[in-house]
2 protein chains.
Amino acid sequence: MLSFSEENYLKAIYHIEQLQADGVSTNSVAKKMQTKASSVTDMLQKLADKQLVIYKKYQGALLSEKGSKIAISVIRKHRLWETFLVEKLNFSWDEVHDVAEQLEHIQSEKLIDSLDAYLKFPTIDPHGDPIPDKDGNFVQRQKVKLSTLKENELGILLTINDSTDEFLRYLDNKKIAIGDKINVLSIEPFDKSIQLKIGKRELMITEEVAENLLVSPL
Amino acid sequence: MLSFSEENYLKAIYHIEQLQADGVSTNSVAKKMQTKASSVTDMLQKLADKQLVIYKKYQGALLSEKGSKIAISVIRKHRLWETFLVEKLNFSWDEVHDVAEQLEHIQSEKLIDSLDAYLKFPTIDPHGDPIPDKDGNFVQRQKVKLSTLKENELGILLTINDSTDEFLRYLDNKKIAIGDKINVLSIEPFDKSIQLKIGKRELMITEEVAENLLVSPL
DNA sequence: AATATTTTTTAGATAAGTCTAAAATATTTT
DNA sequence: AAAATATTTTAGACTTATCTAAAAAATATT
Ligand SMILES: [Mn+2]
Ligand SMILES: [Mn+2]
Ligand SMILES: [Mn+2]
Ligand SMILES: [Mn+2]
């Protein structure tokens, strides 16, 4: 039985590993967890004792097989709860994260598997992120930043890089949603802002926004 | 923001208060919480500092207005989650308690009020216990032990005194359920065992079982 | 290669929650 | 009312998770 804190560290290490496959640095974990490097060192030593990470002084850490399984199960719970909140309790996608941060630590295999079934085994969460199944498997989809598309190219919005409430609400306001088919009409050479078309609507987004929208190119 | 531990103590004190209205003793809390009296003293001092209980050395404790409100809100969450697990996720009533013990500490007013609405504002949980509403109000029903009924008297099973898994499963086996109309056919003078009728079925229960069944007399 | 800077670890402190053992107080029995 | 017993509190220790400040190691700069 792991503490909430241990589970949160494992999840953070997992997410950092996805970005840069080499050893996860103490500082990168500290930044993600909004804590001090010394606290991270303490925790990495503890997780190493429990064989959940492979850790060598000054070399950073990597999740072990066991640690990785736990991280994925926490992520599974987080995303299933987010899906429940949106689908069943009518939360909007910018309201679910903090509650899911708490719910992801509830310990009950029966609970999470029943929830999974109740939701009809969803594979994608409200933010477009894949939901691992009971065995930890999930879909890996090819995706590129919208900012890499050329003029007249198309893409389906799969997920987003920035999941802050502010960005989610920006997308709501602009009526940009997961699953939308986005057509790049033109790119302004001066500031790389993009004129695009969703359905019949035309709108303009900045390069920064385009960097945070991940699409499947068509 | 209270810790899980503080919330659990408040809930325990509340439940003990319901049984004996006078000051709640340190030992009674220790017994309920399965902890040591010294730990209880520490916590009572802390809760008194936070004005959640009224506490005088060697005199035991009482919940303050504020403490009582929090205790009731934790109970509300516990019972709504139990109802959710049974109604929506097909848990049986002997499987919900431990999970609800965890879920009752999730902090989100929007979550619990949405859950309440999703369940159509239930007033009774799977064990027959009343569910406080958003304002902390709940139905108080007149109820007596089945063992106090005389021969040929009737009662509706409202709730139970013993909520252990074993007793719940005993009731399932005997097909005795909350809401059943129970007819006391005869009482054996020797051991006070009771012959009763539910629907068309006749069955016998011991006095001990009858002590743990609370009915509304008809 | 030596120096400066950054990163990481260690040492020591603090807070929450628990425990055991001993002391203080209250209650019951004689 | 004194003695015996039970209850409650205090004192001191331990664990987990965090922090600050200092030391050690790694990396970057000159
Ligand atoms: Mn999230
Ligand atoms: Mn998500
Ligand atoms: Mn319960
Ligand atoms: Mn219940």
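Bear in mind these aren't lab numbers, they're just calculated from the coordinates by the rules spelled out. Small disclaimer: the values here were computed from a predicted structure and weren't measured. Neighbour counts run over all protein chains shown; Cβ positions are idealised from the backbone, glycine included.
Between region B:38-109 and region B:1-34, how far is it from one alpha carbon centroid to the other, in angstrom?
Cα centroid to Cα centroid, the span is 9 Å.
From the P(r) of region B:147-206, could you give the percentage of C-alpha pairs in the tail past 19 Å?
Taking all Cα-Cα pairs of region B:147-206, the fraction more than 19 Å apart is 28 percent.
Which whole-number percent gives the relative contact order of chain B, counting Cα pairs below 8 Å spaced six or more residues apart?
Relative CO of chain B lands at 15 percent.
Tell me which of A:I106, A:I131, A:F121 sits at the most positive position along the dipole axis of region A:84-136, charges placed on C-beta atoms (Lys, Arg +1; Asp, Glu -1).
The one lying farthest along the dipole's positive direction is A:F121.
Shortest first and in nm with one decimal, please list how far the A:L218 label point sits from its counterparts in the other copies (point 7 Å along Cα→Cβ).
For A:L218, the inter-copy label distances come out at 6.5 nm.
Which one, A:H78, A:I198, A:H97, projects farthest toward the positive side of the charge dipole computed for chain A from Cβ point charges (K/R +1, D/E -1)?
Going by the charge dipole, the pick is A:H78.
Which chymotrypsin sites (Phe, Trp or Tyr not before Pro) in region B:52-89 sit in a loop by DSSP (not H, G, I, E or B) and have at most 13 other Cβ atoms within 10 Å of their own Cβ?
Those that pass, being in a loop and sparsely packed, are B:Y58.
Counting partner chain Cβ atoms within 10 Å of every residue's Cβ in B:115-125, what's the average?
Other-chain Cβ atoms within 10 Å of each residue's Cβ, averaged: 1.
Got the relative contact order for region B:66-152 handy, in percent, Cα pairs under 8 Å and 6 or more residues apart?
That works out to 33 percent.
Sorted from fewest to most neighbouring beta carbons within 10 Å, what does the list B:M33, A:M1 look like?
The order, fewest Cβ neighbours first, is A:M1, B:M33.
Would you work out the charge dipole size for region A:119-207 about its Cα centre, treating the Cβ of every Lys and Arg as +1 and the Cβ of every Asp and Glu as -1, and quote it to the nearest 20 debye?
360
Divide the volume of the convex hull of the Cα atoms of chain A by its number of residues and quote the answer in cubic angstrom per residue.
Convex hull of Cα atoms, per residue: 140 Å³.
May I ask for the percentage of alpha-carbon pairs in region B:1-86 that lie more than 15 Å from each other?
For region B:1-86, the fraction of Cα-Cα distances above 15 Å is 54 percent.
Over the alpha-carbon set of the protein assembly as shown, divide Rg by the Kirkwood Rh and report the Rg/Rh ratio to two decimals.
1.07
May I ask you to list the chymotrypsin sites (Phe, Trp or Tyr not before Pro) in region A:114-218 that are in a DSSP loop and have at most 12 other Cβ atoms within 10 Å of their Cβ?
Sites meeting the loop and neighbour criteria: A:F190.
If you place +1 on the Cβ of every Lys and Arg and -1 on the Cβ of every Asp and Glu, how big does the dipole about the Cα centre of the protein assembly as shown come out, in debye to the nearest 20?
60
About the Cα centre of region A:84-168, how large is the charge dipole given +1 on each Lys and Arg Cβ and -1 on each Asp and Glu Cβ? Please answer in debye to the nearest 20.
Dipole magnitude for region A:84-168 comes out near 420 debye.
Name the residue, out of B:I72, B:I54, B:I131, whose mean-square fluctuation peaks in a Gaussian network model built on chain B with Cα pairs under 10 Å.
Evaluated over chain B, the most mobile residue of the options is B:I54.
Under 13 Å Cα-Cα from A:K200, which aspartates and glutamates qualify once same-chain neighbours fewer than 8 residues away are excluded?
A:D180
What's the exposure ranking of B:E82, A:E151, A:E211, going from fewest to most Cβ atoms within 10 Å?
Fewest-to-most ranking of B:E82, A:E151, A:E211: A:E151, A:E211, B:E82.
Which shape class applies to region A:57-178: rounded if a/c is under 1.5, otherwise prolate when a/b exceeds b/c and oblate if not, where a ≥ b ≥ c are the square roots of the Cα gyration tensor eigenvalues?
Here region A:57-178 falls in the oblate category.
What are the distances, in nm and sorted shortest first, from the label point of A:D42 to the label points of the same position in each other copy, with each label point placed 7 Å from Cα along the Cα-to-Cβ direction?
Distances between equivalent label points, in nm: 1.7.
Given the rule -39500 (n - 2.57) for each run of at least 4 DSSP H residues, summed and divided by the residues of chain B, what is its mean residue ellipticity at 222 nm, to the nearest 500 deg cm²/dmol?
Taking each H run of at least 4 residues, the total per residue is -13000 deg cm²/dmol.
Using a 7 Å offset from Cα along the direction of the beta-carbon, what are the separations from A:Q107 to the same position in each other copy, nm, ascending?
Copy-to-copy label distances at A:Q107, shortest first: 2.1 nm.
Give me B:E202, A:E101 ranked fewest to most by other Cβ atoms within 10 Å of their Cβ, as a rough exposure proxy.
Sorted ascending by nearby Cβ count, the order is B:E202, A:E101.
Select from chain B the helices, each a whole stretch of DSSP H, whose alpha-carbon atoms run 20 Å or more along the helix axis and whose Kyte-Doolittle mean is at least -1.0; answer none if there are none.
TM-like helix candidates: B:4-19, B:65-87.
Who wins for biggest fluctuation among A:D180, A:D22, A:D165 in a Gaussian network model of chain A, springs between alpha carbons below 10 Å?
Looking only at A:D180, A:D22, A:D165, the biggest GNM fluctuation is shown by A:D22.
GNM on chain B, C-alpha springs below 10 Å: top fluctuator among B:K181, B:K200, B:K50?
B:K200
Can you count the Lys pairs in region B:85-178 whose Cα atoms are under 30 Å apart, with each pair 8 or more apart or on different chains?
For region B:85-178, qualifying lysine pairs total 21.
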